[in-house]
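Worksheet: the structure to be examined is printed underneath.
The values are calculated or read from the model by the stated rules, or taken from the named source; none is laboratory data. Quick caveat, the model's predicted, so the values are computed rather than measured. Neighbour counts run over all protein chains shown; Cβ positions are idealised from the backbone, glycine included. Please note that ligands, DNA and RNA were not included when accessible areas were found on the heavy atoms of the full protein model with its side chains. Shrake-Rupley method; radii C 1.70, N 1.55, O 1.52, S 1.80 Å.
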Amino acid sequence: MAESIELYRGRWEDVPIEESFMLKKSMELFGDPEPCAIHRGGVRLELLRQMNERFAFGEKPDAEEGLALLRACMACEEITAVRFSDAR
């Protein structure tokens, strides 16, 4: 069994978004294959809305739909868990 490896530590709203995911979502939301800063921000807001909904604000951090969305946005199939913390 592999040890836990931390992939990201930071603010939820700053989670990294892989470029191909950003471009795909920009096309879905805005029909824009080369998103400007405003459309990139819109993609990020929609992603955060969806993840907040799926993870229920940290109440169920193992939500499979949320993990699948996080795997896609970070282009990392190895993500198996999310841990929320109030630490700053």
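If you go through the range 3-11 one residue at a time, do you hit one that is under 15 Å from ALA72 (Cβ atoms), touching a Lys or Arg at 6+ places or on another chain (Cβ under 9 Å) and modelled with pLDDT of 85 or more? No, the range 3-11 contains no residue that is under 15 Å from ALA72 (Cβ atoms), touching a Lys or Arg at 6+ places or on another chain (Cβ under 9 Å) and modelled with pLDDT of 85 or more.
Candidates in the range 71-83 are the residues that are at pLDDT 90 or above and among the aliphatic types (A, V, I, L, M); of these, the one that is surrounded by the fewest Cβ atoms within 10 Å (Cβ to Cβ) is ALA75.
Filtered by the rule that a residue be acidic (Asp, Glu) and within 14 Å of LEU70 (Cα to Cα), the range 7-57 gives GLU13, ASP14, GLU18, GLU19, GLU46, GLU53. If the Cβ limit is 6 Å and pairs must be 6+ apart or interchain, which residue in the range 72-86 that is on the phi > 0 side of the Ramachandran plot pairs with which residue that is open to solvent by less than 70 Å² (accessible area, probe 1.4 Å) and at pLDDT 80 or above? Hits for this filter: ALA75/GLU18. Would you say GLY58 is more than 13 Å from the chain's Cα centre (by Cα), modelled with pLDDT under 95 and either open to solvent by less than 70 Å² (accessible area, probe 1.4 Å) or of a type outside the set (D, E, K, R) (or both)? Considered against the rule, which asks whether it is more than 13 Å from the chain's Cα centre (by Cα), modelled with pLDDT under 95 and either open to solvent by less than 70 Å² (accessible area, probe 1.4 Å) or of a type outside the set (D, E, K, R) (or both), GLY58 comes out as yes. Looking across the range 1-37, just one residue is charged (D, E, K, R), touching a residue at least 24 places away in the same chain (Cβ under 8 Å) and surrounded by 13 or more Cβ atoms within 10 Å (Cβ to Cβ), and that is GLU18. Per the listing LEU29, LEU45, LEU23, the residue uniquely in contact with a Gly (Cβ under 7 Å, 6 or more places away or on another chain) and modelled with pLDDT of 95 or more is LEU29.
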